[in-house]
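Colleague: Handing you this structure, nothing more for now.
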Amino acid sequence: MIPAALTPPHAAGAVRWQQLWREAVRDPRELLALVGLGDVATGMSEAAGEQFALRVPRGFIARMRHGDASDPLLRQVLPLDEELRPAPGFAIDAVGDSLARAGQGVIRKYRGRALLVATGSCAINCRYCFRRHFPYGDETAAAAGWREAVALIAADPTIDEVILSGGDPWSLSTPKLVELTDALAAIPHLRRLRVHTRLPVVLPERVDDELLAWLGSLPWPVTVVLHANHANEFDAAVDSALAALRGAGVTLLNQAVLLRGVNDSVDALADLSERGFRAGVLPYYLHQLDRVQGAAHFEVDDERARELHRALAARLSGYLVPRLVREVAGDPGKRPL
Ligand SMILES: *Cc1c(COP(=O)(O)O)cnc(C)c1O
Ligand code: SF4
């Protein structure tokens, strides 16, 4: 047993985010009651929620507009009837990840980069996510102590960047992340570490002292690619988490998915870039939706996507315009539209 006096100061923080994680709302009826839509027709579907569970942290719910069934944050998480409607061309493996698997939890698609499916867990379940069909189970890099992933990266000197992805890699405990980076630190050809995470946005309490200490200890420049789709996802708690990340020397970028009914207007996209910038985040990618089964109602057609992107470029500083891309299996990188 560790005497109380020796408990590290960050322990309280660790307990805090993990507790908030556990307290996430999983019942669609509770979510609707919390946003004042308890007895309003929203198209909510329990059956869709059985296919892919609802999961959303309470702090994210607090940023939704009360009494608005078309709230852009609510739409990202509420299971709807529309998901169950068959849609030709919307498949289970929409991005060809099962083909690019290089080893347990390792995906090699692009030169120089190894992407680790660090874990299958997320603090939030986004309805448009390909993960709804890939719970991953034990097929993650963290299972079995990262050994296979580390061995693969060590054996391939063309890899100079490791990307932690998932699921959400920051849903792992910090000691588990330390375990990985301690092993990676011995690999001389690594130059950069990247983390793809939505946690600083949906559960900003995750950015605690322990995580910041870890970031500060790493031997490589660190880029964190966040995932926010709408300006309303930012609030004061998110701002302070992002300020703390920048204070730790992290470069902050954002990737968004173009989603019908969420951010498919020039105003919404411009607000997202500007709000992100205020929090120290530059836009990186605006993704065309992966055509995964159950997400067809979010799709914006290519012509409309290009039109929005052109209008955005005509309105904002160049560095506030994300690259509009789509993931195409077999391509050497994300394909610009
Ligand atoms: C998107 C992706 C990357 C990163 O691509 P960038 O264009 O460098 O952001 C790397 N590996 C895989 C498997 C990806 O899907
Ligand atoms: S945070 Fe990312 S990986 Fe997790 S459910 Fe949302 S889109 Fe999918």
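Colleague: For residues in the stretch 37-92 being part of a helix (DSSP H, G or I) and among the hydrophobic types (A, V, I, L, M, F, W, C), which is farthest from ARG260 (Cα to Cα)?
Modeller: ALA47
Each row is one residue, and each column tells you yes or no for (1) outside any loop (DSSP other than H, G, I, E, B); (2) farther than 19 Å from ARG194 by Cβ; (3) of a type in the set (D, E, K, R).
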{"position": "GLY249", "(1), (2), (3)": "no, no, no"}
{"position": "ASN254", "(1), (2), (3)": "yes, no, no"}
{"position": "GLY261", "(1), (2), (3)": "no, yes, no"}
{"position": "GLU274", "(1), (2), (3)": "yes, yes, yes"}
{"position": "TYR284", "(1), (2), (3)": "yes, no, no"}
{"position": "ARG306", "(1), (2), (3)": "yes, yes, yes"}
{"position": "VAL325", "(1), (2), (3)": "yes, no, no"}
{"position": "ALA329", "(1), (2), (3)": "no, yes, no"}
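Colleague: Given the options LEU253, LEU289, name the one that is within 16 Å of ligand 1 (Cβ to nearest atom) and either surrounded by 23 or more Cβ atoms within 10 Å (Cβ to Cβ) or farther than 17 Å from ARG75 by Cβ (or both).
Modeller: When all the criteria are applied, what remains is LEU253.
Colleague: From ALA243, ALA313, ALA295, ALA228, which residue is away from ligand 2 (no atom under 16 Å from the Cβ) and either in contact (Cβ under 8 Å) with a residue 24 or more places away in the chain or among the polar types (S, T, N, Q) (or both)?
Modeller: Only one candidate qualifies: ALA243.
Colleague: Against the condition away from ligand 2 (no atom under 16 Å from the Cβ), surrounded by fewer than 19 Cβ atoms within 10 Å (Cβ to Cβ), more than 20 Å from LEU226 (Cα to Cα) and modelled with pLDDT under 95, how does ASP138 come out, does it pass?
Modeller: When the stated conditions are applied, ASP138 passes them.
Colleague: Further question on the same structure: Can you tell me which residue among ALA123, ALA149 is surrounded by 21 or more Cβ atoms within 10 Å (Cβ to Cβ), assigned by TED's automatic domain parsing to the domain that holds GLY261 and within 16 Å of ligand 2 (Cβ to nearest atom)?
Modeller: Checking each option against the conditions leaves just ALA123.
Colleague: I'd like the residue in the stretch 185-208 that is without any contact (Cβ under 8 Å) to a residue 60 or more places away in the chain, assigned to a loop (DSSP other than H, G, I, E, B) and more than 9 Å from the chain's Cα centre (by Cα) and, out of all such residues, is farthest from ligand 2 (Cβ to nearest atom).
Modeller: Filtering the stretch 185-208 for residues that are without any contact (Cβ under 8 Å) to a residue 60 or more places away in the chain, assigned to a loop (DSSP other than H, G, I, E, B) and more than 9 Å from the chain's Cα centre (by Cα), the one farthest from ligand 2 (Cβ to nearest atom) comes out as PRO188.
Colleague: Might you let me know whether the stretch 266-281 holds any residue that is modelled with pLDDT of 95 or more, crowded, with 16+ Cβ neighbours inside 10 Å, farther than 19 Å from ALA123 by Cβ and among the basic types (Lys, Arg)?
Modeller: Checking the stretch 266-281: at least one residue is modelled with pLDDT of 95 or more, crowded, with 16+ Cβ neighbours inside 10 Å, farther than 19 Å from ALA123 by Cβ and among the basic types (Lys, Arg).
The values are calculated or read from the model by the stated rules, or taken from the named source; none is laboratory data. For clarity, every value in this text was computed on a predicted model and none was experimentally measured. Quick reminder, even Gly has a Cβ in these numbers, built from the backbone with ideal geometry, and neighbours come from all protein chains shown.
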